[in-house]
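The values are calculated or read from the model by the stated rules, or taken from the named source; none is laboratory data. None of the values given here were measured: they were computed from a predicted structure. When we count neighbours, we look across all protein chains shown, and the Cβ atoms used for this are built from the backbone with ideal geometry, even at glycine.
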Amino acid sequence: MGAPTTMNTARREQRTRVLMRGTIYAPSGAATIWIRDISSDGALVSADDPLPAGCDVIFKRGPIFAAAQIAWSKGNNSGVQFYRLLSDEELASAHLPLPNRND
């Protein structure tokens, strides 16, 4: 494996590694997800059942509702690409614990 490109390095620096719960609303229904990392343009998530690649979804975490697409899915891990960039305030709110929950 070669050295990371500038683009990969920049992307890696922009992502915040986390472990928190969220929800994906897909045409097949709602799924609880574990958010592994999040940035203004997307997130890496895990779910009990694979999420369908190419599917339009709603990503929910705390006060954030974002229209998105499942960019890829491999096993229980999926890449979520938001249709709009999340603001710094929205990203900060994603890290706050949910009321009455320990996540």
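Using the structure shown, decide if residue 56 is more than 11 Å from the chain's Cα centre (by Cα), of a type in the set (D, E, K, R), at pLDDT 90 or above and closer than 15 Å to residue 25 by Cα. For residue 56, the condition - more than 11 Å from the chain's Cα centre (by Cα), of a type in the set (D, E, K, R), at pLDDT 90 or above and closer than 15 Å to residue 25 by Cα - is met.
Summed over the stretch 57-77, the residues that are over 18 Å from residue 20 (Cα atoms), out of contact with any Ser or Thr (no Cβ under 8 Å at 6 or more places or on another chain) and not small (Gly, Ala, Ser) give a count of 3. Considering only residues in the stretch 33-53 that are of a type in the set (Gly, Ala, Ser) and in a loop (DSSP other than H, G, I, E, B), the one that is nearest to the chain's Cα centre (by Cα) turns out to be 40.
For the stretch 21-32, the set of residues classified as part of a strand (DSSP E or B) and touching a residue at least 12 places away in the same chain (Cβ under 8 Å) consists of 21, 22, 23, 24, 25, 26, 31, 32, listed by residue number. Pairs are defined by a Cβ separation below 9 Å, a sequence spacing of at least 6 or placement on different chains, a first member in the stretch 49-65 that is closer than 21 Å to residue 94 by Cβ, and a second member that is of a type in the set (D, E, K, R) and part of a strand (DSSP E or B); the pairs so defined are 61/21.
Can residue 73 be described as surrounded by 15 or more Cβ atoms within 10 Å (Cβ to Cβ), of a type outside the set (Lys, Arg), assigned to a strand (DSSP E or B) and in contact (Cβ under 8 Å) with a residue 24 or more places away in the chain? Answer is no for this residue.
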